[in-house]
Amino acid sequence: MVRPMTKDALLSAFGGESMAHMRYLVFAEIAEKEGFKNVARLFRAIAFAEQVHATNHYRALREYNEDAKIVAGAPVGPGNTSKNLELAIRGEEFEIKEMYPVYLEIARYQGEKEAELSFTYAYRAEQIHAQLYREAKNYVDKGQDCPLEGKIWICPVCGHTYVGTEPPEKCPVCGVPKERYIGF
């Protein structure tokens with residue numbers, strides 16, 4: 001059974017990723033209405049990646065059969081697409097700079113390999129998400145949709161995110177072959 005500190009980290013990460021998934025779907029609808037079709041597509045693709053992360057964290061808790069109160073922070077207060085991108089950037093940067101580095105250390109210290117792998121997958125993807133959101137915000141703040149050449153590809157195992165006409169031959173994070181990537 002997962003040790004208590006790692007369990008708390010998994011629960012918090014599950015809650016945060018679940019909320020990010022839903023927040024990004026709401027943000028996609030707003031971007032679509034404002035005419036930012038590629039930003040909407042970006043939000044939808046990354047929402048799927050966040051679902052992958054939440055699923056991985058949840059699976060690591062499979063030995064439990066109890067109620068749990070989940071405490072997870074999230075930047076809230078949707079607005080226009082520029083504000084929503086700012087909220088998304090803040091959330092991703094929190095995960096990169098604060099949350100996942102600490103959760104990884106807890107899992108490593110406690111020898112919880114599955115949790116460590118789940119946190120590593122999310123941490124690596126969140127770095128890409130933050131960069132994509134920063135780039136999109138630069139365009140939106142100029143009144144332009146961000147140019148996305150090709151599709152946004154999401155690895156269904158780890159959430160790795162890639163923009164291009166084809167996904168990589170294999171996922172650079174978990175090794176999944178390109179055929180398994182999902183394109184948005």
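Can you tell me which residue in region 42-70 is surrounded by the fewest Cβ atoms within 10 Å (Cβ to Cβ), limited to those that are small (Gly, Ala, Ser) and part of a helix (DSSP H, G or I)? Talk me through it step by step, then tell me what you get.
Taking region 42-70 and keeping what is small (Gly, Ala, Ser), we get 45, 47, 49, 54, 60, 68.
Filter once more, keeping what is part of a helix (DSSP H, G or I): 45, 47, 49, 54.
Working: 45: 25, 47: 20, 49: 29, 54: 22.
The extreme case among them is 47.
Only one residue in 76, 71 is in contact (Cβ under 8 Å) with a residue 12 or more places away in the chain, more than 17 Å from the chain's Cα centre (by Cα) and farther than 30 Å from residue 150 by Cβ. Which one?
Result: 71 is the single residue among 76, 71 that is in contact (Cβ under 8 Å) with a residue 12 or more places away in the chain, more than 17 Å from the chain's Cα centre (by Cα) and farther than 30 Å from residue 150 by Cβ.
Could you tell me whether any residue of region 43-62 is within 18 Å of residue 156 (Cβ to Cβ), among the β-branched types (Val, Ile, Thr) and in contact with a His (Cβ under 8 Å, 6 or more places away or on another chain)?
Within region 43-62 (the criterion being within 18 Å of residue 156 (Cβ to Cβ), among the β-branched types (Val, Ile, Thr) and in contact with a His (Cβ under 8 Å, 6 or more places away or on another chain)), the answer is yes, since at least one residue qualifies.
Please go through region 26-41 and pick out each residue that is part of a helix (DSSP H, G or I) and more than 16 Å from residue 159 (Cα to Cα). Quick ask: steps written out before the conclusion?
First, pick out the residues of region 26-41 that are part of a helix (DSSP H, G or I): 26-33, 37-41.
Listed by number, the residues that qualify are 26, 27, 28, 29, 30, 31, 32, 33, 37, 38, 39, 40.
Within region 1-27, can you find the residues that are crowded, with 24+ Cβ neighbours inside 10 Å and among the aliphatic types (A, V, I, L, M)?
Answer for region 1-27, where residues must be crowded, with 24+ Cβ neighbours inside 10 Å and among the aliphatic types (A, V, I, L, M): 9, 10, 13, 20.
Please tell me if residue 28 is over 22 Å from residue 98 (Cβ atoms) and at pLDDT 95 or above.
Yes.
If a residue must be in contact with a Phe, Trp or Tyr (Cβ under 7 Å, 6 or more places away or on another chain) and modelled with pLDDT of 95 or more, how many such residues does region 62-81 contain?
1
For region 140-160, which positions are of a type outside the set (A, V, I, L, M), over 15 Å from residue 43 (Cα atoms), in contact (Cβ under 8 Å) with a residue 24 or more places away in the chain and surrounded by fewer than 24 Cβ atoms within 10 Å (Cβ to Cβ)?
The answer is 141, 156.
Quick one: in region 133-184, of everything that is in contact with a Gly (Cβ under 6 Å, 6 or more places away or on another chain) and assigned to a strand (DSSP E or B), which residue is nearest to residue 121 (Cα to Cα)? Steps first, answer last, please.
We begin by selecting, within region 133-184, every residue in contact with a Gly (Cβ under 6 Å, 6 or more places away or on another chain); these are 150-151, 153, 164-165.
Within this subset, residues satisfying the condition of being assigned to a strand (DSSP E or B) are 151, 153, 164.
On the way: 151: 21, 153: 15, 164: 20 Å.
Among those residues, the one meeting the criterion is 153.
Please tell me if residue 110 is surrounded by fewer than 20 Cβ atoms within 10 Å (Cβ to Cβ) and closer than 22 Å to residue 19 by Cα.
Values: surrounded by fewer than 20 Cβ atoms within 10 Å (Cβ to Cβ): yes; closer than 22 Å to residue 19 by Cα: no.
Answer is no for this residue.
The values are calculated or read from the model by the stated rules, or taken from the named source; none is laboratory data. Bear in mind that the values here come from a model prediction, so they are computed numbers and not experimental data. Cβ atoms come from the backbone with ideal geometry, glycine included; neighbour counts cover every protein chain shown.
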